[in-house]
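The values are calculated or read from the model by the stated rules, or taken from the named source; none is laboratory data. This structure is a prediction, so every number in the text was calculated from the model and none was measured. With ideal geometry, Cβ positions are generated from the backbone for all residues, glycine too; neighbour counts draw on all protein chains shown.
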Amino acid sequence: MNWLRPLTAAQTAPGPSQPRLLPAEGGLRTFQPARRLNTSVAAEPFLNGTSSNYVEEMYYAWLENPRNVHKSWDIFFRNANAGAPPGAAYQSPPPLSGSSQGLASVQARVAAQPNVEKLVEDHLAVQSLIRAYQVRGHHVAQLDPLGIMAADLQPSPSDIITAHNKLGFYGLAESDLDKVFRLPTTTFIGGNESALPLREIIRRLEMAYCQHIGVEFMFINDVEQCQWIRQKFETPGIMQFGLEEKRTLLARMIRSTRFEEFLQRKWSSEKRFGLEGCESLIPALKTIIDMSSQSGVESVIMGMPHRGRLNVLANVIRKELDQIFCQFDSKLEAADEGSGDVKYHLGMYHKRMNRVSDRYITMSLMANPSHLEAVDPVVQGKTKAEQFYCGDTEGKRVMSILLHGDAAFAGQGIVYETFHLSDLPSYTTHGTIHVVVNNQIGFTTDPRMARSSPYPTDVARVVNAPIFHVNADDPEAVIYVCKVAAEWRNTFHKDVVVDLVCYRRNGHNEMDEPMFTQPLMYKQIKKQKGVLKKFADKVIAEGVITMQEYEEEVAQYDKICEEAYNRSKDEKILHIKHWLDSPWPGFFTLEGQPKTMSCPPTGISEEELSHIGNIAASVPVEDFTIHGGLSRILKGRANMVNQRVCDWALGEYMAFGSLLKDGIHVRLSGQDVERGTFSHRHHVLHDQNVDKRICVPMNHISPNQAPYTVCNSSLSEYGVLGFELGFAMASPNALVLWEAQFGDFNNTAQCIIDQFISSGQAKWVRQNGIVLLLPHGMEGMGPEHSSARPERFLQMCNDDPDVFPVSDFAVRQLYDCNWIVVNCSNPANYFHVLRRQILQPFRKPLIVFTPKSLLRHPEAKSSFDDMLPATHFRRIIPDDGPAAASPEKVKRVIFCSGKIYYELTRERKNRGMDDTVAVVRVEQLSPFPFDLVKAETDRYLNADLVWCQEEHKNQGYYHYVKPRIRTTINHTRPVWYAGRDPAAAPATGNKQTHLTELQRLLDTALDLEAFSGKL
C-alpha cells in the first residue's frame, strides 16, 4: 500500500478541511491527521534533523487538505508523491523580495533532504509490506493438511515476506527490524497501538494471513467491507475459543467421525461417499446454522453433492439414524410409487430447536442427482420463494447454504450462472454461504488437469464474494471462518465462500482404489493421523477435557448408533415420503393423495373477462407517458374486448389476471418476458420521460389480489430454469412459468429438464407445477429459431403407447403421467390449460409449445364464449365444418397439432375439399387423449388416417402419436405420415427451401391418392 501515491487533480485541489478519501486497494480509505499541528511552518527549517513523527504527521495533515500545510510542504509532498528522486522533492518557494537567498543555504537544504525521503520511503515500504500480506498472504498459508502441494497450484510469490530474508525487496534491512513504524489506518494488527516494531509487524501479519487460514478479499471494491474483513482476521487475539465452545466442537467432531466409522464397520462393501478426510464439515455447518439462527434466521435451505450427505442428514439436519441405516437394506420394499433414488441423493425437511439460539429453525436439504452443482439454482429459487411468501425482503429470516466439491465448483458452468443471479432484483436471495469441500482432486483428476485458475473458488470473485481458505485439519480455524462467514452474510447480505482444504481418505468412494492414479498422495494419506485424534489430543493437553470424558463421549455416540441400527432391522418398508424436502402442508391428504380426483371447469364470468381485458388495455397510473406504438396496441386490445374476442396475449392476460384475483401468485421469468420476445405481451410499461418509472397493470386488477411477478432474467437458461423450478417447489398455490426466448434454447437447460422436471416425482415423490413456455413453429427462420424439440419431451413421457387406458381420462390420466405436454392452437385453450394447472387437485409440470406467427394470426383468436363458466380445456378440437356434418363422405382425417392446422385449413379451402377432408387438432399430446381420438376415428370409418406435421419425420410428434393412434383403432387401419423428410437439423436456413417443403407436405396431406396402394 503506497503511503505516497500519485493523486488526481481533484484530490490535491484546495478545499475545505475534511477527511480526505483516497483510492486504495479494495476501495477508498479515509486519512485523519493524528493531531493538529502548526501547519503553517515552512519545510525548510525542519529538513535538518527533523523529527520523523512530525514529518509523518505533517504528511497526514497534507493528505487531509493541502491547504493545511505551508506551501513548501505542499510542494515537497506533491513532488515526493509524484516519484521525485531523493534530493529533488523539496523546492524552495519563490522569494518575496529580490533574488538573493544564498546559494550555500539552498545547497545545504538539498543535502539534508535524503534523510527525510528515506523516512518516507521506509514507511512506504512497511505499508507495501502490509498490503502484500493482505493481498497475497493466502498463497503461502499452510492450507493443505497433507503438506504436499500448494493449495492454489502456484509457487510461493516472490513479493511476500515469510521470514526476514527478503527485506531487501522493499528497501528494508535487518537493522530496520527493531525500528518502530506507524501503522496505516488500513490494518488492525496493532490493536490499540498505533505503531509497532517491524519485527512485530511481520509476526502479526504472519499470524493473521499465513497460518491455517488464507483470506482473499482485497479485490472487493468496497472500503467498509475490506475494513470489516481486516478487523476480523488482523485484530490480535481475536480467534479465541472458550472452554464450552471447545467441548462442543469436540462433541461435534466425535459425531462426525464416529458416524462414518460406524457405517464402515457395518457396510464395508457399500458405497456411501463418506466424509473421511473432511470431518470438520459437520461442525462447520452447525456453526453457520447456530450463528445464523442467533441472527434471526428461521429457515435454512441447503444443497450439496453426495459426499458427506448421509453425515449431514444425520448430524446437521438430524434425520433419524434408523431411517438412514435401513436404507442400506437391499430387501427393503418401496412403499411409494416411482423409481426412487439412491440414499445419497435424497433430501430432507425438518424443524427443530436450535440449542445455541433457543429458537426453532427449519432446515431443508434438497434432493439432488449426480449432476454436480445442478441443484445450486434450485436451492436459490426455493430460498427466494420462501423469502417472498413470508415477506422477508432482506433475507433476514430465510437463507441458503450451498456445498460444493472443488472440481465441480471450478468446472461446472452452472456455478457461474448461479453466482450471477445473486444480486439481480428478482433473483437475489440476499447472500448465500458457499462451502467448498476441497478434496484437491476430482474423481481421479489432479487439480492441474481440472482447472486453469489458481483456486477452485476463483469463480466467486466475479461477484466480489470474499473467500476464506482454511486447513480442514484445524477444526478451530474452520469454526472461526464459519463464524465470520455467517456474520458477513448477516451484515452485508452478500455471498461468501468457505474453502475447506481437505482430502479423501478412501478415494472417490468406498469401492474405489485411489492408488491407481494418485499413489504419492495416498501414501501420505495412509500416514495421516485423523483430525479427531489430533484435535482430541490437543484439547486434552489443554485440560479442556480428560481422556476419560473423551472416551465416554465416544462410547455414548457409538451406543446411539448401535441402538438405531437394531431398530432399523425392524423396518420392512421404505417410505420415500419421509425424505421429502419440500412438503406442502394441507394440500394433500395424510396419505399424500389428492383430496379429490376431479377438476372444476376453468372458465370465468363475462364480467371478469371484460374487467381483466380493460385493465390489459389501460395504463392504471396517472401522468404516465407510454410509447406511441404501445398506445396502438392497447387500443387494439380495447377493441377486442368490445368485440368479445382475444388474441394470444390477451388470453394469457385473462388466465394470469383471473388467478391473481383468486389469490394465486403468478411468476413469469425468462429472457425478455416483460415485453415478450415477439413484442406481444407488454406486461411492464415504461414511462417515456422518467427513467426507471414503470407500471405493471396486472398488479391493478383487484385490491386483494395476489402479487404478479414478471421479470426479465439474465441470459441464462440452465440457471434460471433451475431457479424457477426451485421457486415452484415452495408452494403449490402459485403459477410459476419460465419462457424460453425461443423454444430451441431449452436445450441448454436440458439437465434441469431431464434430472428434475421429467423424473422428479418418480425419484423423489416430489410434485411440481412449473410451466415451460417454448415458442415453436417452422417460420423459415432457420434451424436455431424454429423447433422446441417436441420429440425430446414426448420421448420422456411415461404413458404406454400399447395400452388403452381404462381409467378416467380427464383427471386420472393426468395424475398418472410424469408431465403434461400441450400445443394449443387458440388463445382460449391456452387460457384454460393455464388455469387448469392450478385448479386440478395435484401438480404436474406443464410443457407448452407456444406459437410465434399465431400471436397475430387473424384466425388464431377466441371468443369470450369459449372462456365462460362451464367451459374447459379441450384435449382435442374436432373438425366442426362440413366434414363433421357428413362424416360418411369424408375420405381423409388429418390429425395435426399447432400452427400447421391453419395452413392445412387454408389449403383445404383453396382446393374445395372442406367436405371430404376432416382436420382434427390434438391439443394435448401427453398424456395422449386415447378416448377422444377413438371417438374421431369411429366417426370417420371410411377415411384414411394421416398424421400431418411441419417438423421433419424424425422429429416432432409423429413417432409418439402413431403407435398410440394404432392402439386406439386396435391396429385395424394404417396411419400415414405427411410432413418433411428426415433431417439432421431442425429446419432449413433458406426461406425458399422452407416454402417449397411446406407446399410439398400440404400437397401430400391433401392428395387423396397419395397413399393408395401402400401398405
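When segment 244-283 is examined, which residues are found to be among the β-branched types (Val, Ile, Thr) and touching a helix residue (DSSP H, G or I) at 6+ places or on another chain (Cβ under 6 Å)? Ile254, Thr257, Ile282 - these are the residues of segment 244-283 that are among the β-branched types (Val, Ile, Thr) and touching a helix residue (DSSP H, G or I) at 6+ places or on another chain (Cβ under 6 Å). One residue stands out among those in segment 180-216 that are without any contact (Cβ under 8 Å) to a residue 60 or more places away in the chain and in contact with a helix residue (DSSP H, G or I) (Cβ under 6 Å, 6 or more places away or on another chain): the one that is nearest to Asn464 (Cα to Cα), which is Thr187.
Exactly one residue out of Val501, Val478, Val459 is buried (at least 18 other Cβ atoms within 10 Å of the Cβ), touching a residue at least 60 places away in the same chain (Cβ under 8 Å) and touching a helix residue (DSSP H, G or I) at 6+ places or on another chain (Cβ under 8 Å), and it is Val478. The one condition from (1) closer than 26 Å to Met796 by Cα; (2) not in a helix (DSSP H, G or I) that Val893 does not meet is (1). Count of segment 350-391 residues, restricted to those that are in a strand (DSSP E or B) and either surrounded by 14 or more Cβ atoms within 10 Å (Cβ to Cβ) or of a type outside the set (Ser, Thr, Tyr) (or both), is 11. Looking at the structure I just gave you, is Asp581 touching a strand residue (DSSP E or B) at 6+ places or on another chain (Cβ under 6 Å) and either under 30 Å from Ser256 (Cβ atoms) or acidic (Asp, Glu) (or both)? In short, yes. Going by the structure shown, is Val470 assigned by TED's automatic domain parsing to the domain that holds Thr432, touching a residue at least 12 places away in the same chain (Cβ under 8 Å), more than 20 Å from Glu260 (Cβ to Cβ) and of a type in the set (Val, Ile, Thr)? So Val470 fits the description; yes.
Scoring Leu998 on the criteria (1) closer than 15 Å to Lys899 by Cβ; (2) crowded, with 21+ Cβ neighbours inside 10 Å; (3) aliphatic (A, V, I, L, M) leaves a single failure, condition (2). Listed conditions (1) of a type outside the set (Val, Ile, Thr); (2) assigned to a loop (DSSP other than H, G, I, E, B); (3) touching a residue at least 24 places away in the same chain (Cβ under 8 Å); (4) over 29 Å from Asp744 (Cβ atoms) are all met by Gly912, apart from (3). For the residues Met698, Met654, the requirement of being crowded, with 22+ Cβ neighbours inside 10 Å and more than 21 Å from Cys824 (Cα to Cα) singles out Met698. Residue pairs whose Cβ atoms lie under 6 Å apart, separated by 6 or more positions or on different chains, with the first residue in segment 544-566 and in the same structural domain as Arg247 (by TED's automatic domain parsing) and the second β-branched (Val, Ile, Thr) and surrounded by 11 or more Cβ atoms within 10 Å (Cβ to Cβ), are Ile545/Val539; Met547/Ile540; Glu553/Ile254; Val554/Ile254; Tyr557/Ile254. Count of segment 211-221 residues, restricted to those that are over 23 Å from Leu143 (Cβ atoms) and either modelled with pLDDT of 95 or more or among the small types (Gly, Ala, Ser) (or both), is 0.
So, in segment 792-851, how many residues would count as being under 13 Å from Phe928 (Cβ atoms), in a loop (DSSP other than H, G, I, E, B) and among the acidic types (Asp, Glu)? Within segment 792-851, residues that are under 13 Å from Phe928 (Cβ atoms), in a loop (DSSP other than H, G, I, E, B) and among the acidic types (Asp, Glu) number 3. Looking at Glu888, Glu950, Glu903, just one residue is assigned by TED's automatic domain parsing to the domain that holds Leu998, of a type in the set (Asp, Glu) and part of a strand (DSSP E or B), and that residue is Glu950. The residue pairs whose first member lies in segment 414-439 and is more than 22 Å from Val673 (Cα to Cα), whose second member is in a loop (DSSP other than H, G, I, E, B) and among the β-branched types (Val, Ile, Thr), and whose beta carbons are closer than 6 Å, counting only pairs six or more residues apart or on different chains, are Val436/Thr457. Has segment 580-591 got at least one residue that is polar (S, T, N, Q), closer than 30 Å to Asp322 by Cβ and surrounded by 15 or more Cβ atoms within 10 Å (Cβ to Cβ)? Yes, the conditions are met somewhere in segment 580-591.
Which residues, counting only those in segment 416-457, are among the polar types (S, T, N, Q) and either out of contact with any strand residue (DSSP E or B) (no Cβ under 7 Å at 6 or more places or on another chain) or in a loop (DSSP other than H, G, I, E, B) (or both)? Answer for segment 416-457, where residues must be among the polar types (S, T, N, Q) and either out of contact with any strand residue (DSSP E or B) (no Cβ under 7 Å at 6 or more places or on another chain) or in a loop (DSSP other than H, G, I, E, B) (or both): Thr418, Ser422, Ser426, Thr428, Thr429, Asn439, Gln440, Thr444, Thr445, Ser452, Ser453, Thr457. The one condition from (1) aliphatic (A, V, I, L, M); (2) modelled with pLDDT of 95 or more; (3) surrounded by fewer than 23 Cβ atoms within 10 Å (Cβ to Cβ); (4) in the same structural domain as Asn942 (by TED's automatic domain parsing) that Ile838 does not meet is (4). Being closer than 22 Å to Arg461 by Cβ, surrounded by 15 or more Cβ atoms within 10 Å (Cβ to Cβ), over 30 Å from the mean Cα position of the chain (by Cα) and among the hydroxyl-bearing types (Ser, Thr, Tyr) is a description that applies to Thr186. Within segment 975-995, can you find the residues that are in contact with a Pro (Cβ under 7 Å, 6 or more places away or on another chain), surrounded by fewer than 18 Cβ atoms within 10 Å (Cβ to Cβ) and within 29 Å of Arg964 (Cβ to Cβ)? Matches in segment 975-995: Ala985 only. What pairs come out if I take residues in segment 127-139 that are closer than 24 Å to Thr457 by Cβ and pair them with residues that are part of a helix (DSSP H, G or I) and of a type in the set (Asp, Glu) whose C-beta lies under 9 Å away, six or more apart or interchain? Pairs found: Tyr133/Glu206; Gln134/Glu234; Gly137/Glu206. The residue of segment 957-1015 that is farthest from Asn798 (Cα to Cα), among those that are in a helix (DSSP H, G or I) and aromatic (Phe, Trp, Tyr), is Tyr958. Scanning segment 496-536 for residues that are of a type in the set (Ser, Thr, Tyr) and within 22 Å of Ala141 (Cα to Cα) yields one hit, Tyr503. Residue check: is Glu224 surrounded by fewer than 23 Cβ atoms within 10 Å (Cβ to Cβ), among the acidic types (Asp, Glu) and farther than 30 Å from Gly190 by Cβ? Criteria not met by Glu224.
Residues in segment 248-255 include none that are farther than 30 Å from Ala367 by Cα, in contact (Cβ under 8 Å) with a residue 40 or more places away in the chain and not small (Gly, Ala, Ser).
Of all residue pairs spaced 6 or more apart or on separate chains, those with beta-carbon atoms under 7 Å, a first member in segment 982-1009 that is closer than 19 Å to Asn954 by Cα and a second member that is of a type in the set (A, V, I, L, M) and assigned to a helix (DSSP H, G or I) are Leu1002/Leu904; Ala1005/Leu904.
Only residues that are at positive phi and hydrophobic (A, V, I, L, M, F, W, C) were counted across segment 772-822, and they come to 0. Taking the residues in segment 877-908 that are of a type in the set (D, E, K, R) and within 52 Å of the chain's Cα centre (by Cα) as candidates, determine which candidate is surrounded by the most Cβ atoms within 10 Å (Cβ to Cβ). Among them, the one singled out is Arg892.
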